[in-house]
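Reading through the structure tokens given below for one structure.
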Amino acid sequence: MAGAHRAISRRIRSSGPADKRATPGAESEPIRVLVTGAAGQIAYSLLFSIAKGDVFGKEQPVVLLLLDITPMLPVLDGVVMELQDCALPLLREVVSTDKEDVAFKDLDVAILVGSMPRRDGMERKDLLKANVAIFKSQGAALEKYAKKTVKVLVVGNPANTNCLIAAKSAPSIPKENFSCLTRLDHNRARSQVAMRCGVPATQVKNVIIWGNHSSTQYPDVHHCLVNMAGGELGCFEAVKDDAWLKGDFIATVQQRGAAVIKARKLSSAMSAAKAICDHMRDIWSGTPEGEFISMGVYSSGNSYKVAEDLIYSFPVQIKDKTWKIVDGLAINEFSKSKMDATAAELIEERDTAVAFLGV
Ligand code: NAD
Ligand code: LMR
């Protein structure tokens with residue numbers, strides 16, 4: 001774990017104050033944003049977007065805290081140099097470190113990526129024992145050092161269960177502040193429907209990913225709307241191929257991560273970084289009126305009879321930095337059985353993790 005290694009903290013001041021011509025008037029206080037696994041693939045695609053204002057807004061200065069394990073610090077130095085060389089007005093400071101007490105101090109946002117990715121032929125839950133201890137340790141670091149208002153996004157796989165363990169390890173931070181990334185699956189589903197209908201992905205809304213970020217996830221289009229032919233059509237009416245929507249479409253989204261690994265010999269990074277930006281931007285600024293997005297959130301008190309005490313992906317709407325599960329959507333038998341199957345897998349993962357860690 002990062003905190004257990006020789007401690008090296010490098011504090012490198014980046015660009016100066018934001019360009020006053022672009023941000024007239026009083027300046028906002030910088031927010032402190034942590035990215036773990038900062039020397040890895042996803043971070044390399046992610047950091048530029050955060051630093052240039054795509055996530056927290058064009059007027060919000062940021063301090064970036066970059067955590068990785070000790071052997072990766074020389075690589076991290078290169079990433080910091082590149083961030084400096086981008087000469088970005090919103091980036092106030094970059095701190096690269098292998099120490100949790102430095103990385104987690106006074107955080108506003110924590111994006112927990114750092115962990116091992118799977119290889120071809122593995123399921124994401126095969127990473128459980130390799131990765132879950134990282135999230136116990138980082139949950140404890142959040143508890144000890146971060147602001148109680150910190151928004152935590154868990155990306156490292158198996159993302160739902162790692163997120164649950166991080167939340168359980170930070171008892172004084174509200175459970176609602178924790179979420180895990182299923183936005184990549186959401187974007188994949190949206191894009192598959194859009195390509196099938198011959199429209200841009202922006203004309204498809206309200207797909208839902210239910211459950212686990214795994215091959216049991218359930219991509220549901222029963223409430224999805226497609227803007228085409230001069231109006232808004234239900235997805236089944238727009239696609240006109242029920243067999244595809246109930247078969248190959250679901251399998252394609254469920255297996256997309258594995259397909260990318262098979263082709264690239266590396267797991268998704270560019271699309272994962274884009275999904276992280278979408279997820280965190282929506283937490284920060286809210287979801288558009290009439291739209292919902294998918295994210296893994298605490299299941300307790302949900303109206304869909306999903307078991308309690310899981311991080312389960314639901315349709316949510318976000319306002320004032322607070323998510324709310326979209327209630328009252330009709331669920332048919334086909335959907336119910338798939339929602340139950342993915343919940344059963346999450347219960348098994350949770351019980352394995354809890355027994356393994358003794359939490
Ligand atoms: P990567 O191997 O390129 O980078 C991971 C980085 O994490 C490495 O630099 C490594 O040194 C670092 N790391 C390991 N242990 C750490 C610790 N304790 N503290 C801080 N840093 C640590 O991997 P990647 O492609 O960036 O993927 C990272 C994770 O994200 C994997 O678990 C992958 O499966 C997952 N992922 C999730 C989604 C999703 O949609 N939820 C999408 C893509 C990838
Ligand atoms: C993905 O969905 O692309 C990631 O979770 C990486 C993986 O292991 O599939």
Given the residues F292, F236, F249, which is the only one that is away from ligand 1 (no atom under 16 Å from the Cβ) and open to solvent by 40 Å² or more (accessible area, probe 1.4 Å)?
F236
Among the residues of region 131-146, the number that are away from ligand 2 (no atom under 16 Å from the Cβ) and hydrophobic (A, V, I, L, M, F, W, C) is 5
Test for V154: is it within 16 Å of ligand 2 (Cβ to nearest atom) and either of a type in the set (A, V, I, L, M, F, W, C) or farther than 24 Å from F314 by Cα (or both)
yes
Residue check: is D106 open to solvent by less than 10 Å² (accessible area, probe 1.4 Å), at pLDDT 95 or above and of a type in the set (D, E, K, R)?
no
Could you list, in sequence order, all residues of region 256-274 that are touching a residue at least 24 places away in the same chain (Cβ under 8 Å) and near ligand 2 (Cβ under 9 Å from one of its atoms)?
R256, G257, A258, I261, S267, S268, A269, S271, A272
Show the residue pairs that are 6+ apart or on different chains and have beta-carbon atoms under 8 Å apart, the first residue being within region 335-359 and under 13 Å from S215 (Cα atoms), the second being open to solvent by 50 Å² or more (accessible area, probe 1.4 Å).
M339/I331; E345/K125
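Take region 160-169 and flag every residue that is more than 10 Å from ligand 1 (Cβ to nearest atom) and open to solvent by less than 10 Å² (accessible area, probe 1.4 Å).
T161, L164, I165, A166, A167
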When H213 is run through (1) touching a residue at least 60 places away in the same chain (Cβ under 8 Å); (2) open to solvent by less than 10 Å² (accessible area, probe 1.4 Å), the failure sits at (2)
Those residues of region 44-75 which are over 23 Å from T287 (Cβ atoms), free of Cβ contacts under 8 Å to residues at least 60 places away in the same chain and touching a Leu at 6+ places or on another chain (Cβ under 9 Å), in sequence order
L47, F48, A51, P61, V63, L64, L65, L66
It is to be established whether one or more residues within region 312-330 are over 30 Å from R281 (Cβ atoms) and either among the hydrophobic types (A, V, I, L, M, F, W, C) or out of contact with any Ser or Thr (no Cβ under 6 Å at 6 or more places or on another chain) (or both).
no
Of all residues in region 31-44, which are open to solvent by 10 Å² or more (accessible area, probe 1.4 Å) and more than 9 Å from ligand 1 (Cβ to nearest atom)?
I31, R32
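To keep it simple, each residue is scored yes or no on (1) open to solvent by less than 30 Å² (accessible area, probe 1.4 Å); (2) more than 26 Å from H223 (Cβ to Cβ).
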residue: E143; (1), (2): no, yes
residue: P158; (1), (2): yes, yes
residue: P171; (1), (2): no, yes
residue: P174; (1), (2): no, yes
residue: C180; (1), (2): yes, no
residue: S191; (1), (2): no, no
residue: M195; (1), (2): no, no
residue: G198; (1), (2): no, no
residue: A201; (1), (2): no, no
Kindly indicate whether A272 is open to solvent by less than 20 Å² (accessible area, probe 1.4 Å) and within 12 Å of ligand 1 (Cβ to nearest atom).
yes
Report those helices (runs of 4 or more DSSP H) wholly inside region 190-255 carrying at least 2 residues which are out of contact with any strand residue (DSSP E or B) (no Cβ under 9 Å at 6 or more places or on another chain) and under 23 Å from V326 (Cα atoms).
242-246
Among the listed residues A229, A238, identify the single one that is farther than 30 Å from A141 by Cβ and at pLDDT below 95.
A229
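The values are calculated or read from the model by the stated rules, or taken from the named source; none is laboratory data. The shown structure was predicted, so the numbers you read here are calculated from the model rather than taken from an experiment. As a convention, Cβ positions derive from the backbone with ideal geometry for all residues, glycine included, and neighbour counts pool all protein chains shown. With ligands, DNA and RNA removed, areas are computed over all heavy atoms of the protein, side chains included. Shrake-Rupley method; radii C 1.70, N 1.55, O 1.52, S 1.80 Å.
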